[in-house]
Amino acid sequence: MIKIWKTHQNKIILDNLDKDRLPLHVAIIMDGNGRWARQRGLPRTMGHRSGVEALRGIVRCASQIGIKYLTVYAFSTENWKRPQSEIGILMSLLKEYIRLELEELHRNDVKICVLGNIHQLPKDVGEEVIYACEKTKNNNGLVFNLALNYGGRAEIIQAFQGILHDISNNNLAREDLNEEVFAKYLDTADCPDPELVIRTSGEMRLSNFLLWQAAYSEIVVVEECWPDFNEESLLDTIRIYQNRERRFGGIKKVEE
Ligand code: IPE
Ligand code: IPE
Ligand code: MG
């Protein structure tokens, strides 16, 4: 059941987890790096560095247990409001992460994709990301979506622009527009909606993440800050998800 991860041996115990009801798509708001560092008297940079370590473990674990899509919120369209020095550090960590991890991810059949507008990222970062996507595009394992300079509202506006463009070019008939067609214009066109959205560090909001796609996602907020979120934490959140009852506006089966 658990896939072997080349170059790394770790033990994953799937106690109390229903292997047949794993979420297909897990999306994570990786929050709390700054607070993690502050609690330890460290600069925020150290929190971001440790956050990258956490990400390594989570990607590996998600792939090993057979999750098909993993989306992580790495940089929002609002994060440009942060001090230039912090933005610079986040960008260089991102580039370093891709550079160091690409071979291993590729060998493990991970397909890297991007959500968000990467053309507004520093040129070298954008190039690194595009290279990683290109190199892994034919892989069939975990689809790993990096939400970078991503915002749900910007994504919806962009989808709308694509639709208007296609309508005016007669590539789309106005009356054919429905929810399914609309979703095809989003950055997540090829992914199912996430069944599970996880947010770390106790904050209970979406912060502009997957606004369309998370309409019926189960949201699990954990108190741990992102650098402390490990494989065990991921399995715990999946257990919580499996104990939820998803109704999608309907009623309980037994009441029917
Ligand atoms: C998440 O941690 C990382 C990014 C948003 C890029 P934060 O940097 O938001 O950490 P807190 O929320 O200030 O603790
Ligand atoms: C959301 O976290 C964005 C990412 C995790 C990349 P923030 O820390 O930016 O969100 P707010 O400002 O607390 O809502
Ligand atoms: Mg935050």
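The values are calculated or read from the model by the stated rules, or taken from the named source; none is laboratory data. It should be emphasised that the depicted structure is a prediction, and the values quoted were computed from it without experimental measurement. Here the Cβ is made from the backbone with ideal geometry for all residues, glycine too, and neighbour counts use every protein chain on show. Heads up: the accessible areas ignore ligands, DNA and RNA and are worked out on the full protein's heavy atoms, side chains in. Shrake-Rupley method; radii C 1.70, N 1.55, O 1.52, S 1.80 Å.
For this structure, a couple of remarks:
- Restricting segment 37-53 to residues that are touching an Asp or Glu at 6+ places or on another chain (Cβ under 9 Å) and under 23 Å from ILE118 (Cα atoms), the residue that is nearest to ligand 1 (Cβ to nearest atom) is HIS48.
- Cβ-Cβ under 8 Å pairs, at least 6 apart or on other chains, segment 153-172 side among the basic types (Lys, Arg), far side open to solvent by less than 50 Å² (accessible area, probe 1.4 Å): ARG153/THR77; ARG153/ASN208
- Which listed residue, of GLN64, GLN9, is away from ligand 1 (no atom under 11 Å from the Cβ), among the polar types (S, T, N, Q) and surrounded by 15 or more Cβ atoms within 10 Å (Cβ to Cβ): GLN64
- Hits in segment 135-156 - residues which are open to solvent by 100 Å² or more (accessible area, probe 1.4 Å) and more than 18 Å from the chain's Cα centre (by Cα): ASN138
- Residue in segment 199-218 that is farthest from ligand 1 (Cβ to nearest atom), counting only those that are crowded, with 16+ Cβ neighbours inside 10 Å and not hydrophobic (A, V, I, L, M, F, W, C): GLU218
- Residue-level analysis places TYR150 among those that are modelled with pLDDT of 95 or more, within 16 Å of ligand 3 (Cβ to nearest atom) and in contact with a strand residue (DSSP E or B) (Cβ under 6 Å, 6 or more places away or on another chain).
- Test: residue in segment 83-93 that is in a loop (DSSP other than H, G, I, E, B) and touching a residue at least 12 places away in the same chain (Cβ under 8 Å): no
- Residues (within 13 Å of ligand 2 (Cβ to nearest atom) and not aromatic (Phe, Trp, Tyr)) located in segment 68-82: THR71, VAL72, ALA74, SER76, THR77, GLU78, ASN79, LYS81, ARG82
- Among the residues of this structure, LEU93 counts as one that is within 16 Å of ligand 3 (Cβ to nearest atom), surrounded by 15 or more Cβ atoms within 10 Å (Cβ to Cβ) and aliphatic (A, V, I, L, M).
- Lone qualifier among LEU172, LEU196 - being closer than 24 Å to GLY57 by Cβ and either surrounded by 14 or more Cβ atoms within 10 Å (Cβ to Cβ) or within 16 Å of ligand 1 (Cβ to nearest atom) (or both): LEU196
- Applying a threshold of 8 Å to beta carbon distances and a minimum spacing of six or more residues, or different chains, the list of pairs starting in segment 128-144 at a residue that is under 21 Å from GLY66 (Cβ atoms) and ending at one that is assigned to a strand (DSSP E or B) and aromatic (Phe, Trp, Tyr) reads LEU142/TYR69; VAL143/TYR69.
- You will find that of ILE240, ILE219, the residue that is within 16 Å of ligand 2 (Cβ to nearest atom), out of contact with any helix residue (DSSP H, G or I) (no Cβ under 9 Å at 6 or more places or on another chain) and not basic (Lys, Arg) is ILE219 and no other.
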